[in-house]
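Just below is one structure, and these are the notes that go with it.
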Amino acid sequence: MAPARSSAGAEATDYAGLEAAAAARHLAVFGAWHPESDPDVPAGTQTMILLGPREPGFWTAFRASPEAQEARADPLDRWSRRVIGQWACDLGAKALFPFGGPPWRPFIRWARESGRAHVSPVGLLVHDTAGLMISYRGALALKQRLALPPPPPAPCAECSSQPCRIACPVSALSPEAYDVPLCKSFLDTPAGLDCHGRGCAVRRACPVSRSYGRAEAQSAFHMQSFHKRGQRGPE
């Protein structure tokens, strides 16, 4: 498929080229689809590209970035805005982010529409390469309609043991609901140090997650953002 040009004159690329460009930025294409009459997608968008951390190596690259060195809030979000925002400008595209609301972009719905994220046996989204460690740093709304590969099958269909079902020490996760207060109460206990410092035990139990290569320091960063031990506020 030949590269297309946007109205801004920036050269877009094919899907393989986008994957290579994402990798150069320590990102990975976590899903792509052609939106149809989606009110949450910018007008004129022909292809949506979801982006997440490329592992292994993402966390090392982020820790060396200017945002990580500054004593300011939300360094990972600021990194995402800079890196994905600049890339979008180069492509003549629009950068969209799962943070910065309200209003909030519907990334969970978009993830499922991409065909590469599915509801797991414990209710969390599971991704074909990131497993339960799935996270999104942003998206590109392209004005070009790119040819896309078919999504792979849902990973849970081939997971006979499904260890995620029994991995939570306090059974806070189930297909019906996520008991956030119970989870946070557990994180404040001595036994909760493992989840708080290494990442959610359920997410780590997923066989796909274990092959993803995410650094424990990154999981600890997200857990600290989710809950500061001993500082439980209103739920």
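The values are calculated or read from the model by the stated rules, or taken from the named source; none is laboratory data. Not measured: the values here are computed from a predicted model. As a convention, Cβ positions derive from the backbone with ideal geometry for all residues, glycine included, and neighbour counts pool all protein chains shown. Surface areas here come from the heavy atoms of the whole protein model, side chains and all, with no ligands, DNA or RNA. Shrake-Rupley method; radii C 1.70, N 1.55, O 1.52, S 1.80 Å.
Assorted remarks:
- Over the chain: helical MRE at 222 nm, DSSP H runs n ≥ 4 each giving -39500 (n - 2.57), nearest 500: -9500 deg cm²/dmol
- Each of THR47, GLN69, GLY101 was placed along the dipole of the chain (beta-carbon charges, centred on the mean Cα), and the one lying farthest toward the positive end is GLN69.
- In this structure the stretch 59-109 gives 56 Å² per residue of accessible area when probed at 1.4 Å with all protein chains present.
- Computed with a 1.4 Å probe over protein heavy atoms only, the accessible surface of the stretch 166-235 comes to 55 Å² per residue.
- Charged side chains reduced to their Cβ positions (Lys and Arg at +1, Asp and Glu at -1) give the stretch 87-135 a dipole of some 140 debye around its Cα centre.
- Computed from the Cβ-Cβ distance with R0 of 41 Å, the FRET efficiency linking GLU158 to ASP194 stands at 0.90.
- Label point 7 Å beyond Cα of ASP40 along Cβ direction - residues of the stretch 140-155 with amide nitrogen under 18 Å: 140-142
- Heavy-atom accessible surface of the chain: percent carbon and sulfur, 1.4 Å: 54 percent
- Charge dipole magnitude, Cβ of K and R +1, D and E -1 - the chain, Cα centre, debye nearest 20: 380 debye
- Computed magnitude of the charge dipole of the stretch 71-200 (debye, nearest 20; Cβ of K, R +1, Cβ of D, E -1): 640 debye
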